Amino acid sequence: MEKTKIVTHNGSFHPDDVFSVAALSLLFKGNIEVVRTRDPKLVKTGDIVLDVGGEYDEKRNRFDHHQTGGAGERQNGIPYASFGLIWKHFGEKLVGDSGVARMIDEKLVQPIDASDNGYVVSSKEITPNIFSYTIDDAIFVFNPTWKEQREEDIIFPKVVEIAETILEREITKARAKKEAWQFVLATYTTATNKRIIVLDHEYPWKEVLIQFPEPFFVIYPNATNGTWGAVAVRKSLNSFENRKSFPAVWAGLRDSALAEVSGVPDAIFCHNKLFLAVAKSKEGALALAKEALIS
């Protein structure tokens, strides 16, 4: 079977071109040939051209964004880089689900596009001069230093493999999350007491339950050790402020000390930030949440 020829730029690589090639490699099941060049004659030979060539024409599989005027932007104002253009055209075909493709776009593609276009999505400073380590950092670290031999063309395929692994995992987790949301919504809908939602698996639930005003705590089983957790619902997805915290006197307590102060015999632990309490049984976790509600 003839390989799909993908042309991108040579020299230093970026998350934009690395993840674009990774997505296409997954789509075509590795049956691709990658040419890294800026030679206009060679660029014209590509079946798919990305991040080079100075044109965006999805009908001809041209996906650059460096030309005058760029390649458009999303409704939220984030401009498209080549990864976003590739994902817009091929993403749903790769994952087989428009909802999953949108989740990947929001979590991975848009931050990469924003950074590549010089837009800062998040610059959260942990402490002065200490910042979160990003996907950009993880890709850029593989570019040669000024002291090393320039071997980007040799390194590039290895970095694409890493990006493929990341993208595969993001797709797998997005599919699972979307499926889980159906169960979480059904559990909320049928719950008699909507202030405490009891789940039968450790589903990702935050995006669903935070939409509703009633839930304060979520009960779930820990498949690793058989315990049950009670976790506080936050006020928003980007907030660390709980709608209702566990009692301050529980902070950091374990085992008998927590059991004594909470009145729950099988209580195991309460996080010192008061967003999580753990018990040996579902009944114990539920009792911890109920006690927190009335405290």
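The values are calculated or read from the model by the stated rules, or taken from the named source; none is laboratory data. Model, not experiment: these values are computed from the prediction. All Cβ positions, glycine included, derive from the backbone under ideal geometry; neighbour counts span all protein chains shown.
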Checklist entry - In the stretch 89-102, which residues are surrounded by fewer than 21 Cβ atoms within 10 Å (Cβ to Cβ) and out of contact with any Asp or Glu (no Cβ under 9 Å at 6 or more places or on another chain)? => result 92, 93, 94, 96, 97, 99
Item to check | Residues satisfying the stated conditions in the stretch 131-144, i.e. within 21 Å of the chain's Cα centre (by Cα), touching a residue at least 24 places away in the same chain (Cβ under 8 Å) and under 19 Å from residue 9 (Cα atoms) | outcome: 136, 139, 140
Checklist entry - What do you reckon, is residue 142 at pLDDT 95 or above and assigned to a loop (DSSP other than H, G, I, E, B)? => result yes
Checklist outcome for this item: Restricting the stretch 191-225 to residues that are without any contact (Cβ under 8 Å) to a residue 12 or more places away in the chain and farther than 19 Å from residue 290 by Cα, the one surrounded by the fewest Cβ atoms within 10 Å (Cβ to Cβ) turns out to be 224
Next on the checklist: Is it the case, given these coordinates, that residue 256 is surrounded by 14 or more Cβ atoms within 10 Å (Cβ to Cβ) and either modelled with pLDDT of 95 or more or closer than 30 Å to residue 174 by Cβ (or both)?
Outcome noted: no
Next on the checklist: Quick check on this structure: which one of 39, 47, 64, 105 is exposed (fewer than 14 other Cβ atoms within 10 Å of the Cβ), at pLDDT 95 or above and among the acidic types (Asp, Glu)?
Outcome noted: 39
Next on the checklist: Could you check the stretch 107-150 and list, in sequence order, the residues that are under 13 Å from residue 83 (Cβ atoms) and among the β-branched types (Val, Ile, Thr)?
Outcome noted: 109, 112, 135, 139
Next on the checklist: Looking at the stretch 117-128, can you tell me whether even one residue there is buried (at least 17 other Cβ atoms within 10 Å of the Cβ), in contact (Cβ under 8 Å) with a residue 12 or more places away in the chain and in a helix (DSSP H, G or I)?
Outcome noted: no
Next on the checklist: For the stretch 53-66, which positions are of a type outside the set (D, E, K, R), more than 22 Å from residue 111 (Cβ to Cβ) and touching a strand residue (DSSP E or B) at 6+ places or on another chain (Cβ under 7 Å)?
Outcome noted: 53, 61
Next on the checklist: Is it the case, given these coordinates, that residue 168 is touching a Ser or Thr at 6+ places or on another chain (Cβ under 7 Å), at pLDDT 95 or above and not hydrophobic (A, V, I, L, M, F, W, C)?
Outcome noted: no
Checklist outcome for this item: Out of (1) over 20 Å from residue 81 (Cβ atoms); (2) touching a Phe, Trp or Tyr at 6+ places or on another chain (Cβ under 9 Å), the one residue 23 does not meet is (1)
Checklist entry - In the list 244, 280, 290, which residue meets the criterion of being of a type in the set (D, E, K, R), more than 18 Å from residue 193 (Cα to Cα) and surrounded by 15 or more Cβ atoms within 10 Å (Cβ to Cβ)? => result 280
Checklist outcome for this item: Result of the Cβ filter at 6 Å on the stretch 164-190, keeping first residues that are small (Gly, Ala, Ser) and partners that are assigned to a helix (DSSP H, G or I), at least 6 apart or interchain, is 174/100; 174/103; 174/104
Next on the checklist: Scan the stretch 250-270 and tell me whether some residue there is farther than 26 Å from residue 176 by Cβ, among the polar types (S, T, N, Q) and without any contact (Cβ under 8 Å) to a residue 60 or more places away in the chain.
Outcome noted: yes
